[in-house]
Amino acid sequence: MVAWLKMTLSVIYFFFKFLPMGKKIVFMSRQSDTVPLDFSLLSGEILLRDPGVKIVFLCRRTPTGVMGYVRYFFTIIRQMFHMATSRICILDSYCIPVSLLTHKPSLFILQLWHAIGKIKQSGHQTIDHRRAQGWFDFENNPTVAKKMNMHANYDAIVAGAEFFNPFYMETFNATDDKLLNFGLPRIDYLINQSVESRSQVLSAFPQFIGKTVVLYAPTFKPYDDHAPQAMITRFLGEDVVLIVAIHPKQVLTYEIEETDNIYCPKEFSVIDLLAVSDYVVTDYSAICLEAAAISTPVLFFLPDHDLYTEITGLNLDPHQMMNSCCFDDVDQIYRTVMDDTYVQAELVSFRNNYLPKELGRSTQKIVDHLEKYWR
């Protein structure tokens, strides 16, 4: 199957590469069906510097089912056309034609990985101990991943703090010289737009004003996650606002119902909700880094620590990052919030150790690096 796919795509791409390259940059994502914030911020900065650049967004989530794969094949064809006629290709996740095919030497490919740091294992780190969920889940199948040339052909990779560099290198099977420790554009957004984001959220939810707001944002789990249920049960009816932001890929066997103090706002992104949060509760998500970028206290609710570590794997254990802020009992989370006993010194140390050295200039640094490739 892989050999047939590669041969078919290679033949089509061969003819596409005869087309002239324009002053064009293509952004590609399979993380979202809409344009990710990092893409919007980068493209905006690019167009400010050079309005003559053509920007193309190709954003579509990974499909499921046979018909989904068939439809996605035509998405791949579109990706190939724009890669053949662009000067720069920017992606935030794995992309089949990027790694599988041979490109024009003049095409610059930038991997803008969708997390600020490499807390969780992925890519080449995990293929030997994860279980593939069907053929298309080749990232978790060592044989297919090798044949698909997974995470190959990147000219540069945007990374977070230097602490994570060994893990980026393992994930992408890359050398240190390809890493750009700039951090993601969303860090700039968090720092520069927090006042405006806060105003917008509070305008939509004036009932948050004067309340302690806790944002609960767990990561994706490849199993049914009961931690959200425990959080909701403990905070239900209390004099505190609990915003529940379940990972978009997570499937729960129970419904989350909004009440007088439990909210699941869909009209705002988690990034915007951070602006009104007094505390962020998470588990193994890189949102802890985003919260730390604006000095929002972070707590870790880890009742499934051993299971998650065994199934997914961690590069950086929350206990290593902020041990006094890690709990497996929801009552401890509740008491820390209500009694205001948070250890601020842990957050300061966390910021210093696991965030890029210079915050607020990620977008500028990335575009500075790219500019010579489209001029």
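The values are calculated or read from the model by the stated rules, or taken from the named source; none is laboratory data. Keep in mind that this is a model prediction, so the values were computed, not measured. Every residue, glycine among them, receives a Cβ derived from its backbone with ideal geometry; neighbour counts consider all protein chains shown. Only protein heavy atoms, including side chains, enter the accessible area calculation; ligands, DNA and RNA are left aside. Shrake-Rupley method; radii C 1.70, N 1.55, O 1.52, S 1.80 Å.
For LYS147 and VAL11, a Förster radius of 22 Å and the Cβ-Cβ distance give a FRET efficiency of 0.80, rounded to the nearest 0.05. Each pair of Cα atoms in segment 1-66 enters the Kirkwood radius, and Stokes-Einstein at 25 °C and 0.890 mPa s then converts it into a translational diffusion coefficient of 171 µm²/s.
In vacuum, with every alpha carbon of segment 314-375 counted as one equal point scatterer, what does the Debye formula give for log10 I(q)/I(0) at q = 0.13, 0.14 Å⁻¹? Two decimals, please. The calculated log intensity ratios at q = 0.13, 0.14 Å⁻¹ are -0.57, -0.61.
Just reorder HIS114, HIS151 by solvent-accessible area, largest first, 1.4 Å probe, all chains present.
On the way: HIS114 60, HIS151 5 Å².
Highest to lowest solvent-accessible surface, that is HIS114, HIS151.
Rolling a 1.4 Å probe over the protein heavy atoms gives segment 169-282 an accessible area of 46 Å² per residue.
Can you give the longest stretch of the chain with no exposed loop site, where a site means GluC sites (Glu not before Pro) in a DSSP loop (not H, G, I, E or B) with at most 14 other C-beta atoms within 10 Å? It would help to have the intermediate numbers written out before the result.
Numbers: sites that count: GLU255, GLU257, GLU258, GLU267, GLU358.
Here the longest run is 1-254.
If the chain linking PHE74 and ASP340 were pulled fully straight, counting 0.36 nm for each residue of separation and taking away their Cα-Cα distance, it would gain 90.4 nm. Out of every Cα-Cα pair that the chain contains, those further apart than 38 angstrom amount to 20 percent. Less than 5 angstrom separates the built amide H of VAL281 from those of LEU215, TYR216, ALA217, LEU299, all sequence-distant by 5 or more or on a different chain. What is the Cα centroid distance between segment 208-248 and segment 291-338, reported in whole angstrom? What the calculation gives is 14 Å, centre to centre. How large a share of the accessible area of the chain, in percent, is made up of carbon and sulfur atoms when the probe is 1.4 Å and the other protein chains stay in place? That fraction is 54 percent.
Here the Karplus curve 6.51 cos²θ - 1.76 cosθ + 1.60, taken at θ = phi - 60°, turns the phi angles of segment 294-302 into couplings of 10, 6, 8, x, 10, 10, 10, 9, 10 Hz, with x standing for Gly and Pro.
Using a Gaussian network model of the chain whose springs link C-alpha atoms within less than 10 Å, name the residue from GLN193, GLN320, GLN125 with the highest mean-square fluctuation. Highest fluctuation among the options: GLN320. Across segment 106-123, rounded Karplus estimates of 3J(HN,Hα) from the backbone phi angles (6.51 cos²θ - 1.76 cosθ + 1.60, θ = phi - 60°) give 7, 7, 9, 10, 10, 8, 10, 3, 7, 10, 5, x, 10, 5, 8, 7, 6, x Hz, Gly and Pro being marked x.
Label-to-label distance, LYS178 versus GLU255, with points set 7 angstrom from Cα along the beta-carbon direction: 4.7 nm. Distance between the 7 Å Cα→Cβ label points at LEU48 and VAL66: 5.0 nm. Here VAL2 sits with roughly 20 square angstrom of accessible surface, probe radius 1.4 Å. Note on segment 176-245: Cα Rg divided by 2.2 N^0.38 Å, N the number of residues, gives 1.53.
Think of segment 114-268 as having a plus end and a minus end, set by charges on the Cβ of Lys, Arg, Asp and Glu; of GLY237, GLN200, PRO248, PRO248 sits farthest toward the positive end of this dipole.
Just so you know, the Rg over Rh for segment 28-169 is 0.96, from Cα atoms, with Rh as the Kirkwood radius. Size of segment 226-375: Rg and Dmax of its alpha carbons, in Å, are 17.3, 58. Summing charges over neighbours of LEU242, with a neighbour being any other residue whose Cβ is under 14 Å away from its Cβ, gives -4 when K and R count +1 and D and E count -1. Taken one residue at a time, the phi angles of segment 70-81 give Karplus couplings (6.51, -1.76, 1.60, θ = phi - 60°) of 4, 5, 5, 4, 6, 5, 4, 4, 4, 4, 5, 4 Hz. Gly and Pro are set to x. Amide hydrogen proximity for LEU180: with H placed 1.01 Å from N in the peptide plane, the residues at 5 or more positions away or on another chain lying under 5 Å are ILE157, VAL158, ALA159. Taking the Cα centre of segment 217-257 as origin and assigning +1 to Lys and Arg Cβ atoms and -1 to Asp and Glu Cβ atoms, the resulting dipole is close to 220 debye.
Taking all protein chains together, PHE15, PHE301 sort by accessible area into PHE15, PHE301, largest first [probe 1.4 Å]. Dipole of the chain computed with +1 at Lys/Arg Cβ and -1 at Asp/Glu Cβ about the Cα centre; of ASN353, ALA156, THR171, farthest Cα towards the positive end is ALA156.
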